Ligand code: NCD
């Protein structure tokens, strides 16, 4: 019996396979229920707070769309500058305050561990929408939902993760979820931006087949899913280093057509240069369908942690 009621959603490692499968099934149900209507009334009268101390387009707006589609209300702020953080308020005090207003809190903050810190003081469940270079579990779940939709199943797929694997929180959370599905992981990164070694060791000890390489074309030729990521400019201490690495990998239409025409291309977005725009019209370019899935998966998570489904 899966029960996520009252739980915080903090990282990818917290989930069992059964829980992930359940979230996927509930997200399917949300999509089906929205097919013939604009909103549901599962969360009528409840309030979601979205506290975004870092820039966001998709994560914040899809959380808010999800709550509206569930029939609930939304409050929040979209920059630290427009909140009392600018006056020197601590995260703990901000969270204690919002806890008086809202039933559930989605947040994004530049500090690793910030969502866990918030969860320690909040009554309301905390949904981590990104804690610095740490974790981004709701994105990882919508990525999995998209792989399942685009490929028909997740078990046994070969997923190439490309780009800034050192700082990318979506891939840090993602691998913790893919490990339940016997996926083969090809990690494609420049030397300086490799996946943290402790995470790779952990995956291998779990029995996951992991290949590390710097060669995008070689990985593409073997991949079912190519998961591109942005080089995380805001995490670089040295702007020169960022300039040197920013165009490490650029996927072109020619590469896909030559090496793996059936590949599914995903990206959490925003993209900078990682995917040429002429890839967008290929049938396997799934990144805007991935965006839409964010609403269904976040609806599922809100309804589940609030015990409404
Ligand atoms: C990602 C993030 O913020 O970590 N975006 C997202 O949530 N869809 C990826 C990124 O910013 O590169």
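Considering only residues of segment 110-124 that are surrounded by fewer than 22 Cβ atoms within 10 Å (Cβ to Cβ) and part of a loop (DSSP other than H, G, I, E, B), which is nearest to the ligand (Cβ to nearest atom)?
Top of the filtered list is 110.
Tell me which residues, restricted to segment 247-285, are within 14 Å of the ligand (Cβ to nearest atom) and in contact with a helix residue (DSSP H, G or I) (Cβ under 7 Å, 6 or more places away or on another chain).
249, 266, 267, 268, 269 - these are the residues of segment 247-285 that are within 14 Å of the ligand (Cβ to nearest atom) and in contact with a helix residue (DSSP H, G or I) (Cβ under 7 Å, 6 or more places away or on another chain).
Counting just the residues of segment 38-59 that are within 17 Å of residue 300 (Cβ to Cβ) and away from the ligand (no atom under 16 Å from the Cβ), which one comes out surrounded by the most Cβ atoms within 10 Å (Cβ to Cβ)?
48
From the list 221, 300, pick out the single residue that is over 24 Å from residue 55 (Cβ atoms), away from the ligand (no atom under 12 Å from the Cβ) and in the same structural domain as residue 48 (by TED's automatic domain parsing). Full working, then the answer.
On the way: 221 fails: in the same structural domain as residue 48 (by TED's automatic domain parsing).
So the residue among 221, 300 that is over 24 Å from residue 55 (Cβ atoms), away from the ligand (no atom under 12 Å from the Cβ) and in the same structural domain as residue 48 (by TED's automatic domain parsing) is 300.
Anything in segment 145-156 that is in a helix (DSSP H, G or I) and away from the ligand (no atom under 14 Å from the Cβ)? List them, or say none.
Matches in segment 145-156: 147, 148, 149, 150, 151.
I need a count of the residues in segment 157-191 that are part of a strand (DSSP E or B) and away from the ligand (no atom under 13 Å from the Cβ). Explain how you work it out, then say what you get.
In the first step, residues of segment 157-191 are kept if they are part of a strand (DSSP E or B); the result is 158-162, 184-188.
Restricting the remaining residues to those that are away from the ligand (no atom under 13 Å from the Cβ) gives 158-160, 184-188.
Residues in segment 157-191 being part of a strand (DSSP E or B) and away from the ligand (no atom under 13 Å from the Cβ): 8 in total.
From the list 86, 25, 32, exactly one residue is closer than 24 Å to residue 109 by Cα and either without any contact (Cβ under 8 Å) to a residue 12 or more places away in the chain or outside any helix (DSSP H, G or I) (or both). Which is it?
Values: 25 fails: closer than 24 Å to residue 109 by Cα; 32 fails: closer than 24 Å to residue 109 by Cα.
After ruling out the rest, the residue left standing is 86.
When you go through 133, 80, 92, 122 one by one, which is the residue that is farther than 28 Å from residue 27 by Cα, at pLDDT 95 or above and in contact with a helix residue (DSSP H, G or I) (Cβ under 6 Å, 6 or more places away or on another chain)?
Exactly one of 133, 80, 92, 122 is farther than 28 Å from residue 27 by Cα, at pLDDT 95 or above and in contact with a helix residue (DSSP H, G or I) (Cβ under 6 Å, 6 or more places away or on another chain), namely 92.
Rundown of residues vs (1) outside the structural domain of residue 31 (by TED's automatic domain parsing); (2) at pLDDT below 95; (3) in contact with a strand residue (DSSP E or B) (Cβ under 9 Å, 6 or more places away or on another chain), yes/no style:
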site: 128; (1), (2), (3): no, no, yes
site: 141; (1), (2), (3): yes, no, yes
site: 144; (1), (2), (3): yes, no, no
site: 147; (1), (2), (3): yes, no, yes
site: 152; (1), (2), (3): yes, no, no
site: 155; (1), (2), (3): yes, no, no
site: 158; (1), (2), (3): yes, no, yes
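Scanning segment 97-109 for residues that are part of a loop (DSSP other than H, G, I, E, B) and without any contact (Cβ under 8 Å) to a residue 60 or more places away in the chain, which turns out nearest to the ligand (Cβ to nearest atom)?
By that ranking, first place goes to 102.
Against the conditions (1) over 25 Å from residue 291 (Cα atoms); (2) modelled with pLDDT of 95 or more; (3) away from the ligand (no atom under 16 Å from the Cβ), where does residue 72 fall short? Just the number, please.
Unmet for residue 72, out of (1) over 25 Å from residue 291 (Cα atoms); (2) modelled with pLDDT of 95 or more; (3) away from the ligand (no atom under 16 Å from the Cβ): (1).
Among the listed residues 199, 203, 226, which satisfies the condition of being in contact (Cβ under 8 Å) with a residue 60 or more places away in the chain and under 23 Å from the mean Cα position of the chain (by Cα)? Give the derivation first.
Values: 199 fails: in contact (Cβ under 8 Å) with a residue 60 or more places away in the chain; 203 fails: in contact (Cβ under 8 Å) with a residue 60 or more places away in the chain.
Of the residues listed, the single one that is in contact (Cβ under 8 Å) with a residue 60 or more places away in the chain and under 23 Å from the mean Cα position of the chain (by Cα) is 226.
Mind checking which helices (runs of 4 or more DSSP H) fall wholly inside segment 214-309 and carry at least 2 residues that are touching a strand residue (DSSP E or B) at 6+ places or on another chain (Cβ under 7 Å) and surrounded by 15 or more Cβ atoms within 10 Å (Cβ to Cβ)?
Once the helices (runs of 4 or more DSSP H) in segment 214-309 are filtered for at least 2 residues that are touching a strand residue (DSSP E or B) at 6+ places or on another chain (Cβ under 7 Å) and surrounded by 15 or more Cβ atoms within 10 Å (Cβ to Cβ), what remains is 216-222, 287-305.
The values are calculated or read from the model by the stated rules, or taken from the named source; none is laboratory data. Bear in mind that the values here come from a model prediction, so they are computed numbers and not experimental data. All Cβ positions, even for glycine, are placed from backbone atoms using ideal geometry, and neighbour counts span all protein chains on display.
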